[in-house]
Amino acid sequence: MTATHLTVAAVLALALATHGEPAEPRQHVTALAPKDIRWSTPPEYTDGRQRAYLLGDSTKGGEWVDRVRIPAGSRVLPHTHPHAEVVTVIEGTWYFGLGEKFDEAKLEPYSAGSFIVIPADVAHFLATREGPVIVQVSGHGMFRTHYVGK
């Protein structure tokens with residue numbers, strides 16, 4: 001064998017040794033069927049609401065996606081969040097209003113499939129009426145709620 005053949009053979013042997021086995025994927029798939037979603041009641045939810053942490057951790061920051069289940073006949077008083085909140089209505093009709101005072105006349109209905117983006121620090125309030133509602137919320141940063149006037 002010539003020096004060139006030996007060099008090519010050595011390069012091929014090295015390539016096969018380092019690439020012979022497929023590398024483990026660095027990313028993984030997150031897939032949850034409805035039955036796999038784990039609901040909990042955070043301490044600040046004293047009105048029957050529940051939250052499911054789907055991706056990331058909204059209590060610690062970073063990118064996250066959660067779901068919130070709100071019982072029928074609920075009201076959430078005016079509040080703000082320090083970061084934008086992206087909301088998709090998954091189930092039921094979510095009644096949403098803007099302002100620093102809860103005003104039933106300002107509530108607009110958003111049925112399943114609706115998409116709402118609430119900018120940071122915008123005072124808003126919500127209600128449910130005829131049935132429970134599930135919304136999917138996502139954002140970036142630690143999720144916090146500041147109730148107006150408190």
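Set side by side, the residues 63, 100 differ, and just one is of a type in the set (Asp, Glu) and touching a Leu at 6+ places or on another chain (Cβ under 9 Å), which is 63. Test residue 121 against the stated conditions and say whether it is crowded, with 16+ Cβ neighbours inside 10 Å and of a type in the set (Asp, Glu). No: the conditions fail for residue 121.
Since residue 48 meets every condition but one in (1) closer than 13 Å to residue 132 by Cα; (2) in contact (Cβ under 8 Å) with a residue 40 or more places away in the chain; (3) not in a strand (DSSP E or B), which condition does it not meet? All conditions pass for residue 48, except number (2).
Can you confirm whether residue 109 is part of a strand (DSSP E or B), over 12 Å from the mean Cα position of the chain (by Cα), surrounded by fewer than 17 Cβ atoms within 10 Å (Cβ to Cβ) and modelled with pLDDT of 95 or more?
Considered against the rule, which asks whether it is part of a strand (DSSP E or B), over 12 Å from the mean Cα position of the chain (by Cα), surrounded by fewer than 17 Cβ atoms within 10 Å (Cβ to Cβ) and modelled with pLDDT of 95 or more, residue 109 comes out as yes.
Screening residue 104 on (1) under 21 Å from the mean Cα position of the chain (by Cα); (2) at pLDDT 95 or above shows it passes everything except condition (1).
Taking the criterion of being at pLDDT 95 or above and in contact with a Gly (Cβ under 9 Å, 6 or more places away or on another chain), the residues of region 121-130 that qualify are 123, 124, 125, 126, 127, 128, 129. Of the residues making up region 41-52, those that are modelled with pLDDT of 95 or more and under 11 Å from residue 66 (Cβ atoms) number 3.
If only residues of region 126-145 that are farther than 20 Å from residue 37 by Cβ and over 19 Å from the mean Cα position of the chain (by Cα) are counted, the one that is surrounded by the fewest Cβ atoms within 10 Å (Cβ to Cβ) is 130.
Selection of region 77-97 for residues being part of a strand (DSSP E or B), under 18 Å from residue 139 (Cβ atoms) and touching a Lys or Arg at 6+ places or on another chain (Cβ under 8 Å) yields only 90.
The values are calculated or read from the model by the stated rules, or taken from the named source; none is laboratory data. Nothing here was measured: the structure is a model prediction, and the numbers come from that model. Virtual Cβ from ideal backbone geometry, glycine too; neighbours counted across all protein chains shown.
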